[in-house]
Every structure is written in C-alpha cells, then in structure tokens.
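Engineer: Dumping the structure here so I can ask a few things about it.
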C-alpha cells in the first residue's frame, strides 16, 4: 500500500514535469524571434534593390523618351523630302534603323527592370506574411507558457500538501529510505514490473523477488538489483 501511494504520487509529479519540459520547449521555440530579424534584414535588402531598380527604370524611361524624340525627328525628316542627296537619305535611314533598334533594346531593359521590381515586391509580401505568421505563433506560445506557469504553480502547491499528507501515513523508515533513493532518481524512484522485468532497466527479476513483492502488498521496499529503483507490482499486473 505504501509503495502504491508513493508510485501514484510520482505519476502526478511526472505530469507536472511534462508541463515543465513543455515550457523549456517553448523557450527554445521562441528563438523564432531570430528568424523574424533575419527576414526583416532580407526585406531591407530587397527594398534597397528595388530602390536601385526604380532609379534604373527612370533612367531607361528617360532614354526611351529621348530616343523616341530623335526617332520622331528623323522620321519627319525622311517624310519631308528635305534631304537632297541619296547619301543623306541613306544616312538618315541608317540613323532611323539604329534608333528603332535602340528603342527595342531599351523597351526590353525596361520590361526586365519592371519584372525584377515586381518579383522583389512579391518576395517582400511573402516575407511579411511569414513574419506575421511567426508573430502569431510566438504570441500563442507565450500564452501557452503563461497558462502552464500558472498551472505548475498551483499544482506544485497541491502536490506539496498531498505529499505531506501521504508522508504521515507511511512508516518513517520506509519514507526515509524512499527519499534517500529518490536523490539518485529525482524523476521517479519507483519502477513497475513489465512481464517479470524491471520497467526501468529491463532486467529480469528472480522469482523470489516477484513472490516477495506479491506477498508484501506494497508495504515493503524492494529494489531492482540492477538499476536500484524501488519495484512496484500494480494489482492489475499480478
């Protein structure tokens, strides 16, 4: 009976430790804040690149306008019949061809620049969306942590009082032995028996030990000869 009380108490402690472990996990997961900083750096780099492309876009547009004016002028000159010699006409036509080729090249450059701006703006939107999602995750994790901390504080006090009550019903010698053993196994000093073996280390138990456990009915402290944990034989496994 005594070992059963202590084992059941340890199971409650285990649930409390799981919550404490979850808090540690959340603390690690909150390193997502570093990811936000990294994404923000990426966004700033993209904005700088966009600024450069915007400047280049204006330069190309200005070149296009100038080229268009020149093309318009040479076209009007060719249509005006003011050129007196075939040499002048040939030179004008060549100039027109060059201006048309330049216009085509400038338009391609403009298209490329505009495409690059749109691509980087889309990347910024994706990064901003990712940041919002991470911020939402962080907020949820902080809320979860706060709730767990409240639960742990309340449950720790309940367990403290429960152990004090249990301690009063257990013989002093058994309790002192248990507390001494638990110093070596702070996360649980008691191991159940699984198919005739210690559930902690897996060592097969002698038949005498199994019989001793059954006969003691949890009122005697029996330890595993291999790992040293206190053995407990739940009623449903006997």
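The values are calculated or read from the model by the stated rules, or taken from the named source; none is laboratory data. For clarity, every value in this text was computed on a predicted model and none was experimentally measured. Counting neighbours? That spans all protein chains shown, and the Cβs are built from the backbone with ideal geometry, glycine included.
Engineer: Contact list please: Cβ distance under 9 Å, first residue in the stretch 139-161 and under 23 Å from residue 32 (Cβ atoms), second residue not in a helix (DSSP H, G or I), pairs at least six apart or on different chains.
Structural biologist: Listed pairs, sorted by first residue: 141/30; 142/30; 145/30.
Engineer: Same structure again: Can we say residue 127 is closer than 30 Å to residue 45 by Cα, in contact with a helix residue (DSSP H, G or I) (Cβ under 7 Å, 6 or more places away or on another chain) and part of a helix (DSSP H, G or I)?
Structural biologist: yes
Engineer: Further question on the same structure: Quick check, is residue 180 over 31 Å from the mean Cα position of the chain (by Cα) and loosely packed, with under 11 Cβ neighbours inside 10 Å?
Structural biologist: Numbers: over 31 Å from the mean Cα position of the chain (by Cα): yes; loosely packed, with under 11 Cβ neighbours inside 10 Å: yes.
Here the answer is yes, as residue 180 does meet what is asked.
Engineer: Answer yes or no as to whether residue 135 is within 55 Å of the chain's Cα centre (by Cα), under 30 Å from residue 31 (Cα atoms) and in contact (Cβ under 8 Å) with a residue 24 or more places away in the chain.
Structural biologist: For residue 135, the condition - within 55 Å of the chain's Cα centre (by Cα), under 30 Å from residue 31 (Cα atoms) and in contact (Cβ under 8 Å) with a residue 24 or more places away in the chain - is met.
Engineer: Here's something else I'd like to know. From 102, 35, grab the single residue that is under 30 Å from residue 125 (Cα atoms), outside any loop (DSSP other than H, G, I, E, B), assigned by TED's automatic domain parsing to the domain that holds residue 129 and in contact with a helix residue (DSSP H, G or I) (Cβ under 9 Å, 6 or more places away or on another chain).
Structural biologist: Criteria check complete, one pass: 35.
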